[in-house]
Amino acid sequence: MATAKKTIAAKKAAPAAKKPVVAPKATVAKKPAASVATLKPIKTAFNKTTLQVHLAEVAGVEPKAAKAVLAALEATIVASMSKKGLGEFTLPGLLKITAQAIPAKKKRRGIDPFTKVEREFAAKPATVRVKVRPLKKIKDASL
């Protein structure tokens, strides 16, 4: 009886040797309909829906996937730019979004530059200015 309990306990304590689970190979996504370098100039403005459809066609994915990627990008940018976030977001090679804190300004007396008459300038509350800078790929494309 004692030996039977020991062998049962030893079997429970010993980790079961499992074969590593091999994930089935993912289906190969369709190749993009047109490579990014060979896209023709676009002469129409996109709204959200048409942008999703266009990206799905170019990338060769389902429109639902393109929609999910755009939603994830939007959520990432909002989280980065939030009050408790980093305050900046970079889409590598394309653009950089930064938040610049502008301090409050007190009420002051000064000379109006237009009329050259002394007057009182109103106070302004503190605010945050959002700046978007184009990076190399956008600058090169606009030349």
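The values are calculated or read from the model by the stated rules, or taken from the named source; none is laboratory data. Note that the structure is a prediction, hence the values are computed from the model and not measured. FYI the Cβ positions are ideal-geometry reconstructions off the backbone, even for glycines, and counts take in every protein chain you see. In case anyone asks, the SASA skips ligands and DNA or RNA and just uses the protein heavy atoms, side chains included. Shrake-Rupley method; radii C 1.70, N 1.55, O 1.52, S 1.80 Å.
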When residues of the stretch 113-122 are limited to those that are touching a Lys or Arg at 6+ places or on another chain (Cβ under 7 Å) and of a type outside the set (A, V, I, L, M), the one most open to solvent (accessible area, probe 1.4 Å) = GLU118
Among the residues of the stretch 60-72, is any within 30 Å of VAL128 (Cβ to Cβ), part of a strand (DSSP E or B) and in contact (Cβ under 8 Å) with a residue 12 or more places away in the chain?
-> no
For the stretch 123-139 the number of residues that are open to solvent by 80 Å² or more (accessible area, probe 1.4 Å) and not in a strand (DSSP E or B) is 4
Quick one: is GLY110 open to solvent by less than 70 Å² (accessible area, probe 1.4 Å), farther than 26 Å from LEU39 by Cα and touching a helix residue (DSSP H, G or I) at 6+ places or on another chain (Cβ under 6 Å)?
-> no
For LYS43, are the conditions met, namely being out of contact with any strand residue (DSSP E or B) (no Cβ under 9 Å at 6 or more places or on another chain), open to solvent by 70 Å² or more (accessible area, probe 1.4 Å) and in a loop (DSSP other than H, G, I, E, B)?
-> yes
Assess whether VAL36 counts as being of a type in the set (A, V, I, L, M, F, W, C), at pLDDT below 95 and under 22 Å from the mean Cα position of the chain (by Cα).
-> yes
Restrict the check to the stretch 110-117 and report whether at least one residue is among the basic types (Lys, Arg) and at positive phi.
-> yes
